[in-house]
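Some notes on the structure that comes next.
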Amino acid sequence: MSTEEDNRSKKRRRCYQRVISGLERGGRLRFLTLTSSPDSPSDIQRSWRALYMRLKRRGLVQGYIKVPEFTKKGRPHLHVCYRGKYIDHYVISSMWQQIHLAKIVDIQLVRPKSSRQAMANELAKYMAKPGAGRYSWSWGWVWRGFCRDWSTMKKLYNYHVFYGDPAPFSDLLKIWRWFLHQKNELPLRDYLERLKPSRDEWLEYRKLAWAF
């Protein structure tokens, strides 16, 4: 596997985790594509922020994950998966025309084909394909700091497994999904805090590891 393919594979795995975490939170999901015209401003991200604030003030969008892409002519467009209400095609087209001077948009309801995992895999593949830019998300997609919490869970899981606590990785995923469904990160933070060993325990275990 080449370096480029390896990086793309890593990006896809990271993207999958971001996508599936948002999907597990539930809600109505829609896929929005926003294009550019020859007259559009070069900064499509700035245009998106303006559009997002309008939609958020109207209570139409609660959270999103998005990725930019470029056409062969170098024009940027955005693919956005968002959690929120129905938005009429004419309304979103008119807003985007006012903000970004481009009226061609597409909006579709995300329909589960088989499972959330299959949906996340499809979206991650799309968002991590060659030519796609850096994906990003809003706090409302999951919660602020959820990537850090996931990283902490993996570290604690590896820590406990290393010292003899038998648990398949699927158990970790079940726990993570359960917390995602709570729609509140505070129980997870409390859970992680209780799992953290004390500093003295870390030092003692480190001595044991070095003496291995």
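Got a number for residues in segment 43-58 being more than 20 Å from the chain's Cα centre (by Cα), farther than 18 Å from Glu69 by Cα and without any contact (Cβ under 8 Å) to a residue 24 or more places away in the chain?
2
Could you please find all residues in segment 79-111 being in contact with a helix residue (DSSP H, G or I) (Cβ under 9 Å, 6 or more places away or on another chain) and among the aromatic types (Phe, Trp, Tyr)?
Result: Tyr82, Trp96.
Quick one: count up the residues across segment 159-168 that are over 22 Å from Lys207 (Cα atoms) and surrounded by fewer than 11 Cβ atoms within 10 Å (Cβ to Cβ).
1
Among what's in segment 145-158 and is in contact (Cβ under 8 Å) with a residue 40 or more places away in the chain and not hydrophobic (A, V, I, L, M, F, W, C), pick the residue that is surrounded by the most Cβ atoms within 10 Å (Cβ to Cβ).
The qualifying residue surrounded by the most Cβ atoms within 10 Å (Cβ to Cβ) is Asp149.
Scan segment 185-199 and tell me whether some residue there is modelled with pLDDT of 85 or more, touching a Leu at 6+ places or on another chain (Cβ under 9 Å) and farther than 14 Å from Ser21 by Cα.
no
Kindly provide the set of residues from segment 151-168 that are touching a Lys or Arg at 6+ places or on another chain (Cβ under 9 Å) and under 18 Å from Ser21 (Cα atoms), ordered by number.
Listed by number, the list holds a single entry, Thr152.
The values are calculated or read from the model by the stated rules, or taken from the named source; none is laboratory data. Remember, it's a predicted structure, so these values are computed and weren't measured experimentally. A quick note on method: Cβ atoms are made from the backbone with ideal geometry, for glycine too, and the neighbour counts reach across all protein chains shown.
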